[in-house]
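Comments concern the structure below.
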Amino acid sequence: MSAESNQLDALLSESRVFPPSEAFRAQANFNDPSVYERAAADPEAYWAEQAQHLTWFEPFTKVLEWDPPHAKWFIGGKLNAAYNAVDRHREGPRKNKAAILWEGEPGDSRVYTYDMLGREVDRAAHMLHHLGVRKGDRVTIYLPMIPELAISVLACAKIGAIHSVVFGGFSAKSLRERILDADARVLITADAGWRRGGQIPLKANADEAVAGTAVEKVLVVRRVGEASGAKMTPGRDVYWDELAAQMPKTPYPAEPMDAEDVLFLLYTSGTTGKPKGIVHSTGGYLVGANTSLRSVFDLKDTDVFFCTADIGWVTGHTYVVYGPLTAGATVVMYEGAPDWPHRGRFWEIVEKYGVTIFYTAPTSIRTFMKWGPEIPAQYDLSSIRLMGSVGEPMNPEAWMWYHEHIGGGRAPIVDTWWQTETGCAMIAPLPGLVAAKPGSVTRPVPGISAAVLDEEGNPVELGHGGYLVITKPWPSMMRTIWRDDERFRRSYFGKFPGVYLAGDGARVDEDGYFWVLGRIDDVINVSGHRIGTMEVESALVDHPAVAEAAVIGRSHEVKGQAITAFVTVKEGVTADEALAKELKQHVVDKIGALARPEEIIFTAELPKTRSAKIMRRLLRDIAEGRVIGDTTTLADPGVIEELKKLYKEND
Ligand code: ATP
Ligand code: MG
């Protein structure tokens with residue numbers, strides 16, 4: 001094997017640059033460029049300074065203890081996450097400020113001020129206590145995106161119980177696996193949830209999931225009501241509203257937690273394999289989340305922050321609950337689907353609440369592109385002053401579309417690279433300081449040291465791809481995998497000792513900007529060249545007919561692997577042989593003959609996780625005619641059957 005064959009080839013070049021406007025820079029929270037050098041020179045001092053934005057019951061006496069792969073941050077410090085997210089605001093001028101603006105899918109809505117939210121959290125904490133929950137116990141939460149979800153999370157935090165939120169779209173089987181792994185004593189769920197006008201039978205799933213587990217009590221929120229047909233098991237199940245009515249109306253005292261006490265565990269999306277239970281601490285996680293809102297999202301007291309992620313994912317934990325609330329923001333929370341009852345629903349919400357900061361995923365942006373710009377054009381989006389993206393590489397064309405059609409060519413975009421494991425955004429521009437380049441996540445945020453290494457652990461040469469790593473510990477890093485520290489060591493610190501391996505490929509350009517090339521597991525090897533999925537997919541999405549693309553490598557006698565591209569076209573486009581030919585040529589023109597897809601398969605849908613990320617490993621299984629791997633986190637199993645059929649027809 002030649003030396004090059006271990007390197008990822010970088011093919012795409014992108015020269016557009018979007019510096020922050022002078023007006024944006026002037027008002028930004030972080031507008032002194034020296035913050036980068038300061039934080040790099042002494043990261044511990046930087047993080048200790050950021051930690052002062054939280055309220056500590058007892059101050060920490062030491063910033064960091066690093067015994068790789070285990071880090072402890074803010075040693076000796078005591079704090080409570082719910083106190084920081086809610087109660088401390090009740091004591092000051094934010095008392096009657098809107099904390100959560102909630103929009104239900106059927107069109108109902110609720111507003112919670114910080115004071116109201118605090119009372120709800122207290123009552124929920126009393127309920128959990130009544131049900132026997134104590135500090136350190138695990139509570140599994142399986143709810144739709146209703147206010148009770150945020151309230152449950154915060155009530156656990158207030159008691160010092162460890163929450164494990166399971167996305168409401170998961171099946172009974174997936175819920176059960178997560179309950180068993182966490183050994184939860186209490187489950188919080190709802191009678192049912194609304195989705196595109198239909199019902200998700202949450203309670204029925206929960207009944208199936210808890211049988212024979214350690215769950216003793218099930219707390220049930222009435223969301224749909226009688227029509228749900230939910231059945232209650234006496235002695236085990238209790239309705240939220242009925243129990244709440246019996247609770248004292250007194251504050252529930254916030255449990256003083258050690259900075260290193262576990263705040264929550266959360267399972268990853270399962271894009272590359274079986275999900276892992278990621279463990280986060282109280283102090284470090286909160287410092288990371290809170291700092292991120294003030295720096296990357298430039299949060300002000302006047303902002304209305306709308307993150308479209310479900311709280312079932314880490315993005316919802318950090319950017320719907322803990323980040324914005326510890327920073328005293330007004331958060332918009334939406335229960336339903338972006339296309340229910342119409343395709344303008346997000347934009348209607350932006351207009352209704354005057355959203356100023358909007359955060360979503362590339363998969364949503366590509367869907368909006370597919371639907372066409374006429375839809376957002378019907379709404380007043382002028383309140384938006386900053387936009388973000390997370391979850392997958394953002395193809396440059398998706399970036400441009402977002403910039404133009406949602407941001408009015410005016411609002412800066414922060415493309416944020418991070419993971420469930422990292423707790424908050426790691427590589428992302430500070431919008432007042434860093435010029436954006438479409439498709440790049442730009443620079444590590446202050447206090448974070450990232451690098452791209454080759455197989456031997458040396459930094460790769462400029463322009464080449466390699467392993468994306470984090471070289472120093474950071475406050476919101478995962479502490480371990482729940483009950484599997486050995487797997488934690490092996491998966492994240494096994495390749496390069498003392499260095500965190502992210503599992504993504506990346507390259508760094510001449511300006512020090514990072515470009516994520518895709519998952520290491522998805523890298524394609526064509527004639528000795530290792531190609532990331534991102535660049536080939538971006539070249540395809542660059543074609544005006546294409547909405548979304550996923551590429552994989554399939555065994556090929558001569559080349560080692562050949563590229564197969566699965567492509568979704570925009571509405572109204574005819575997907576035929578001529579277009580396939582044109583697309584292959586387009587890839588060749590954009591990035592070179594090396595990346596020419598051997599075959600193009602048009603499909604209406606791509607297989608995605610429930611967190612809406614493309615699952616290329618399943619596409620590989622299809623193309624290679626293998627048994628399909630772990631599909632428990634697949635959003636729509638029907639897609640796989642459909643693709644198998646398409647693939648055969650194409651053969
Ligand atoms: P699993 O680890 O179980 O396979 P997952 O990696 O999809 O699932 P998450 O923690 O939800 O679980 O996702 C993190 C991953 O998402 C990153 O490792 C990266 O591949 C991708 N990602 C997130 N943000 C970005 C971004 N801005 N640009 C490129 N990729 C991103
Ligand atoms: Mg991952």
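Can you run phi through the Karplus equation (6.51, -1.76, 1.60; θ = phi - 60°) for the stretch 54-61 and list ³J(HN,Hα) in whole Hz, with x for Gly and Pro?
9, 9, 9, 6, 9, x, 7, 10
Explain nothing, just the number: relative contact order of the chain, from Cα pairs under 8 Å at least 6 residues apart, as a whole percent.
Relative contact order for the chain comes out at 15 percent.
With respect to the cross-link table entries Lys78/Lys613; Lys72/Lys495; Lys472/Lys495; Lys274/Lys495; Lys217/Lys613; Lys158/Lys472, which display a Cα-Cα separation exceeding 27 Å? Could you put the intermediate results ahead of the total?
Details: Lys78/Lys613 37 Å; Lys72/Lys495 22 Å; Lys472/Lys495 15 Å; Lys274/Lys495 20 Å; Lys217/Lys613 34 Å; Lys158/Lys472 31 Å.
In this structure, Lys78/Lys613; Lys217/Lys613; Lys158/Lys472 lie more than 27 Å apart at Cα.
Just to confirm the filter: which GluC sites (Glu not before Pro) across the stretch 1-97 are DSSP coil and have at most 14 other Cβ within 10 angstrom of their Cβ?
Glu91
Return the long-range amide H neighbours of Arg519 (sequence gap of 5 or more, or a different chain), with a cut-off of under 5 Å between placed amide H atoms.
Gly505, Thr533
Going by a ≥ b ≥ c, the root eigenvalues of the Cα gyration tensor, does the stretch 355-399 fall in the rounded group (a/c under 1.5), the prolate group (a/b larger than b/c) or the oblate group?
Here the stretch 355-399 falls in the oblate category.
Distance from the Cα centre of the stretch 454-469 to that of the stretch 626-651, in angstrom?
Value for the Cα centre distance between the two parts: 34 Å.
What is the spin-label model distance, in nm, from Lys581 to Glu641 if the labels are put 7 Å beyond Cα along the C-beta direction?
It works out to 3.5 nm between the two label points.
Scan around His464 for amide H atoms under 5 Å from its own, H built in the peptide plane at 1.01 Å from N, and keep only partners 5 or more places away or cross-chain.
The list, which skips near neighbours in sequence, is Val508.
Could you tell me which of rounded, prolate or oblate describes the stretch 433-530, using a ≥ b ≥ c as the square roots of the eigenvalues of the alpha-carbon gyration tensor, with rounded for a/c under 1.5 and, failing that, prolate when a/b is larger than b/c and oblate otherwise?
oblate
Sort Tyr36, Tyr319, Tyr379, Tyr252 by Cβ crowding within 10 Å, fewest neighbours at the top.
Lowest count first: Tyr379, Tyr36, Tyr252, Tyr319.
Rounded, prolate or oblate: which one fits the stretch 523-650, using the alpha carbon gyration tensor with axes a ≥ b ≥ c (rounded when a/c is under 1.5, else prolate when a/b beats b/c, else oblate)? Walk me through the numbers before you get to the answer.
Values: a/c = 1.60, a/b = 1.16, b/c = 1.37.
It is oblate, given that a/c is not under 1.5 and a/b is not larger than b/c.
Which of the helices in the chain, when you take each full DSSP H run, stretch at least 20 Å along the axis at their Cα atoms and have an average Kyte-Doolittle score of -0.5 or higher? List each step's numbers first, then the result.
Numbers: long enough: 114-130 (24 Å, -0.68); 577-591 (22 Å, -0.32).
Once both thresholds are applied, what remains is 577-591.
Please list 603-611, 440-448 highest first by mean number of surrounding beta-carbon atoms within 10 Å per residue.
Highest to lowest by the protection proxy: 440-448, 603-611.
Largest first and in whole Å, what are the equivalent-ellipsoid semi-axes of the stretch 3-489 based on the Cα gyration tensor, each being the root of 5 times an eigenvalue?
So the equivalent ellipsoid measures 34, 27, 23 Å along its semi-axes.
In whole Å, what is the distance between the alpha-carbon centres of the stretch 240-311 and the stretch 157-227?
If you average the Cα positions of each part, the centres end up 18 Å apart.
Which loop GluC sites (Glu not before Pro) in the stretch 146-232, with loop taken from DSSP, have no more than 15 other Cβ atoms within 10 angstrom of their Cβ?
Glu216
Please identify the GluC sites (Glu not before Pro) of the stretch 531-576 that satisfy two criteria: DSSP loop assignment and at most 10 other Cβ atoms within 10 Å. Which are they?
Qualifying residues, ordered by number: Glu557, Glu571.
What's the center-to-center distance, using Cα atoms, between the stretch 33-56 and the stretch 335-355 in Å?
Each part's Cα centre sits 37 Å from the other's.
Run the reach check for Lys645 against lysines, Cα to Cα strictly under 21 Å, same-chain hits fewer than 8 apart removed. What comes back?
Lys608
With equal scatterers on the alpha carbons only and no solvent term, can you work out the Debye log10 of I(q)/I(0) for the stretch 496-562 at 0.18, 0.21, 0.28 1/Å?
Log10 of I(q)/I(0), two decimals: -0.81, -0.98, -1.16.
Using amide H atoms built 1.01 Å from N in the peptide plane, name the residues 5+ places from Ala192, or on other chains, whose amide H lies under 5 Å from its own.
Leu202, Lys203, Arg223, Val224, Gly225
Values quoted throughout were computed directly from the atomic coordinates according to the rules given, and no laboratory measurement underlies them. No experiment lies behind these values; they were computed from the predicted model shown. Positions of Cβ are backbone-derived with ideal geometry, glycine not excepted, and every protein chain shown enters the neighbour counts.
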